Each structure stands twice: as structure tokens, then as C-alpha cells.
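Here's the structure, in C-alpha cells; my notes come after.
The values are calculated or read from the model by the stated rules, or taken from the named source; none is laboratory data. Small disclaimer: the values here were computed from a predicted structure and weren't measured. Cβ atoms come from the backbone with ideal geometry, glycine included; neighbour counts cover every protein chain shown.
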Amino acid sequence: MSAEEPQRLSKVVAALVPCSRREAEQYIAEGWVRVDGRKVEEPQFRVTPQQRVELDPRSSLQAPEPATFLVHKPAGMRTEQALALLAAEHRWSGDASGIRRIKSHAVGLVPLMALPVPASGLAVFSQDRRIVRKLEEDAGVIEQELIADVTGTIAPNGLGRLGRGLVYEGRTMPPARVSWQSETRLRFAVKGIAPEWMPWMCEEVGLRLTALRRIRIGRVAMAGLPPGQWRYLPPGERF
């Protein structure tokens, strides 16, 4: 190859740092490299000797770990639409994970413990096989906390019935811990009860569900995450 012919950006960066080709590809994927002042994230991008290749002096490679996204899904949004929110412009400014977003984080994401379309709140997408396995295999024993807006008049001992477990087609459902947050709002803490069962459960005790929001899965809370935005699950946070 002539010295004047374009070369792969990863090869140029490896010589510039210097570092291994694999590390050079990671510098590029993490957005630390600019060509003629423009950020380039494709290691296969070809550059000529006349072009200026620069590495951000603040660059620091992060450990190559699989990513898990926490999203505040708005009501009325399907799972595939919530997945589309995982673009850089929708990242929450309060994300304190310190994880630098790279394109490979969008590959192979699995939606976990999906919310019904009418519901809002905490949704999870992960490419980490450990988290996928936990939230799929242990879904029945992981507690979910949900806030339900309701109308109507609750039946006598309605909360007691929910606490003992309602009966559906001869099968007793798991008990739910339920408390009033206001005159029109209930807090549910449930295990083994999918959010799509909530409208039926409310109807069974004389109430009509008007809105449902999930605010916690296990030990992971939605906290201040705004609707339509996402943050990373940092290494120290566990479901």
C-alpha cells in the first residue's frame, strides 16, 4: 500500500497513541477521536495522510461491559417505541453512571418485564446476559412497585382481599401489599403479578384503573428519571 493511500482510522490511531489495534477501535467507538475536527466512531473509516487525526486529551477507556438501559416509558407507548428512545439525545442529564455511550450498546438489547402499552414508568432493556437471565427466570419473585390512579368506591374490605390474593378461575393469585397514597391513588408492591393484571384487580374490588406507573423493580427505582428519557444501570446497582 502506498504511503499516500487512505488507511483505516484504527491503524492511524494505534500509531498515534500508541496502543493496540483493539484499544484504538475502542477509543474510536467511545467517541474520543476526531478527523479534521469531526468526531468519527467507525474504526473502518479511511483517512488520508493529509487529514488531521486527533485524540481527545481527556480520553479514558472504559471497561468493555454489556449495557443495561433504564427508561421512563410514557403511557401509550409500545415497547419497540420505547426502545427507539435510547438515542443519545434522550439520555437523562442526571445520569451519574459515568458510562460513555457507544454504538455497540444498542446491539442485541432485550426488553425485560415489559409494561403494557397504557402504563408508564420504569422499563428495562439489557444486553447483559446475567441481567436478562435474572429478570426472566426470577420475574415471579422480584417485587415491583406501582402507583395506580383509580376512580370509584372500593368494596368493603377491598384492600384486605387484595392483601390475601384474589381468586381468578379457581386459582389464588399472589397477595399484594396495597396502601392508599391519596383519595384516588393506590400504591401496589407485588411479586408474581404482571402489571397487565392491575385493571382486573381494581375492578374486583369496585375500582376503575385510570393510570398505572411502575416506579421500582427490585432494588432499582425510577427516582427522578423524566418521562421519555433513559439512564444506564451502573455496575454497583442491582435488581
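Quick rundown of the values:
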{"item": "All positions within the range 93-109 that are farther than 16 Å from residue 65 by Cβ and among the hydrophobic types (A, V, I, L, M, F, W, C)", "result": "96"}
{"item": "Positions within the range 199-239 being more than 11 Å from the chain's Cα centre (by Cα) and among the basic types (Lys, Arg), in sequence order", "result": "208, 213, 214, 216, 219, 238"}
{"item": "Whichever residue in the range 140-154 is part of a strand (DSSP E or B) and charged (D, E, K, R) and, among such residues, is surrounded by the most Cβ atoms within 10 Å (Cβ to Cβ)", "result": "145"}
{"item": "Qualifying residue in the range 123-139 (condition: surrounded by 20 or more Cβ atoms within 10 Å (Cβ to Cβ), part of a strand (DSSP E or B), touching a residue at least 12 places away in the same chain (Cβ under 8 Å) and at positive phi)", "result": "no"}
{"item": "Residue within the range 102-116 that is more than 24 Å from residue 215 (Cβ to Cβ), in contact (Cβ under 8 Å) with a residue 24 or more places away in the chain, surrounded by 16 or more Cβ atoms within 10 Å (Cβ to Cβ) and outside the structural domain of residue 207 (by TED's automatic domain parsing) present", "result": "yes"}
{"item": "Residue ID - nearest to residue 156 (Cα to Cα), chosen from residues in the range 208-220 that are buried (at least 19 other Cβ atoms within 10 Å of the Cβ) and aliphatic (A, V, I, L, M)", "result": "209"}
{"item": "Residues located in the range 8-50, provided they are surrounded by 15 or more Cβ atoms within 10 Å (Cβ to Cβ) and among the polar types (S, T, N, Q)", "result": "10, 26"}
{"item": "Residue selected from the range 194-207 under the condition at pLDDT 95 or above and in a loop (DSSP other than H, G, I, E, B), by the criterion surrounded by the fewest Cβ atoms within 10 Å (Cβ to Cβ)", "result": "206"}
{"item": "Residues of the range 221-239 that turn out to be assigned to a strand (DSSP E or B) and surrounded by fewer than 18 Cβ atoms within 10 Å (Cβ to Cβ), as a count", "result": "1"}
{"item": "Filter result for residue 177 (in contact with a helix residue (DSSP H, G or I) (Cβ under 8 Å, 6 or more places away or on another chain) and of a type in the set (Lys, Arg))", "result": "yes"}
{"item": "Residue 180 vs. criteria part of a strand (DSSP E or B) and surrounded by fewer than 18 Cβ atoms within 10 Å (Cβ to Cβ)", "result": "yes"}
